[in-house]
Amino acid sequence: DTGVSQDPRHKITKRGQNVTFRCDPISEHNRLYWYRQTLGQGPEFLTYFQNEAQLEKSRLLSDRFSAERPKGSFSTLEIQRTEQGDSAMYLCASSLWGGALHGYTFGSGTRLTVV
Amino acid sequence: DQQVKQNSPSLSVQEGRISILNCDYTNSMFDYFLWYKKYPAEGPTFLISISSIKDKNEDGRFTVFLNKSAKHLSLHIVPSQPGDSAVYFCAADLQGGSEKLVFGKGTKLTVNP
């Protein structure tokens, strides 16, 4: 297993278009997280899954954002009607139980640019 | 409101010397604290963590100190190496099993040969 994979690495889209990102976590990890990082800021929590259940969502996750983890394996993050303010690095991470103490494993991220 | 603050955007040290990165927090409900390192074009990499019931945790060249009364933690890197040059993020986790990490803005460390 090579770690957490995210696809695509870069995405440029026009304002108003929909985009979807994919995350493949480490196979034995049951928890999966999405974070967003803008320039000069630290990562900000968006949402997390335990297996296929979405257990927590941030206020940052507006109704244009939706995340799924259909079979408790890979996850997708969709942004509808993109806005320039959505331009950011979208990071996925995974962990086993007790991830807070032992740290999550992050992927390399998907950089979204909305033009 | 920023609950986790890294007030130094950058730090430069000489190879072999100690690097000290600082972090302050405001929420007394934070239970665990973590440090991540991030290289350009890569995701953050977990370095070291500390539970709020401890005041020190050590892992090789990395030591984290926690001062709960001051709501302050620091990461010491001894000796610093050029490969340590990266952005370092402090993060905190709330009590009660919340899976949400709150990150600071990061400190860019440059270790000069």
Whether any residue in region B:98-105 is among the basic types (Lys, Arg), more than 8 Å from chain A (Cβ to nearest Cβ) and either within 26 Å of A:Ser5 (Cβ to Cβ) or in contact (Cβ under 8 Å) with a residue 40 or more places away in the chain (or both) is what I want to check.
no
Going through region A:17-37 one residue at a time, which ones are open to solvent by 40 Å² or more (accessible area, probe 1.4 Å) and either assigned to a loop (DSSP other than H, G, I, E, B) or not polar (S, T, N, Q) (or both)?
A:Gln17, A:Asn18, A:Arg22, A:Asp24, A:Ser27, A:Glu28
What number of residues within region A:86-113 are open to solvent by 10 Å² or more (accessible area, probe 1.4 Å) and touching a residue at least 24 places away in the same chain (Cβ under 8 Å)?
9
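Specify which of the listed residues (B:Ala86, B:Ala92) is away from chain A (no Cβ under 11 Å), crowded, with 17+ Cβ neighbours inside 10 Å and closer than 24 Å to A:Arg36 by Cα.
Going through B:Ala86, B:Ala92 in turn, just one is away from chain A (no Cβ under 11 Å), crowded, with 17+ Cβ neighbours inside 10 Å and closer than 24 Å to A:Arg36 by Cα: B:Ala86.
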Test: residue in region B:25-48 that is open to solvent by less than 60 Å² (accessible area, probe 1.4 Å), assigned to a strand (DSSP E or B) and over 30 Å from A:Arg111 (Cβ atoms):
yes
Give the residue, chosen from B:Ser19, B:Ser52, that is in contact with a Leu (Cβ under 8 Å, 6 or more places away or on another chain), open to solvent by less than 50 Å² (accessible area, probe 1.4 Å) and free of Cβ contacts under 8 Å to residues at least 60 places away in the same chain.
B:Ser52
State all residues of region A:38-65 that are open to solvent by 50 Å² or more (accessible area, probe 1.4 Å), in contact (Cβ under 8 Å) with a residue 12 or more places away in the chain and touching a Leu at 6+ places or on another chain (Cβ under 8 Å); if no residue qualifies, say none.
A:Glu44, A:Leu60
Being out of contact with any Lys or Arg (no Cβ under 7 Å at 6 or more places or on another chain) and facing chain A (nearest Cβ under 9 Å) narrows it down to one of B:Lys71, B:Lys38, so name that one.
B:Lys38
Given the conditions (1) of a type in the set (A, V, I, L, M); (2) within 14 Å of chain A (Cβ to nearest Cβ); (3) open to solvent by less than 10 Å² (accessible area, probe 1.4 Å), and given that B:Leu66 satisfies all but one, which numbered condition is not satisfied?
(3)
Looking at (1) open to solvent by 30 Å² or more (accessible area, probe 1.4 Å); (2) modelled with pLDDT under 95, find the lone condition where B:Arg61 falls short.
(2)
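The values are calculated or read from the model by the stated rules, or taken from the named source; none is laboratory data. Since the structure is predicted, the reported quantities are computational estimates derived from the model, not experimental observations. Don't worry about glycine lacking a Cβ; one is built from the backbone with ideal geometry, like all the others, and counts go over all protein chains shown. Side chains are part of the model used for accessible areas, which takes the heavy atoms of the whole protein and leaves out ligands, DNA and RNA. Shrake-Rupley method; radii C 1.70, N 1.55, O 1.52, S 1.80 Å.
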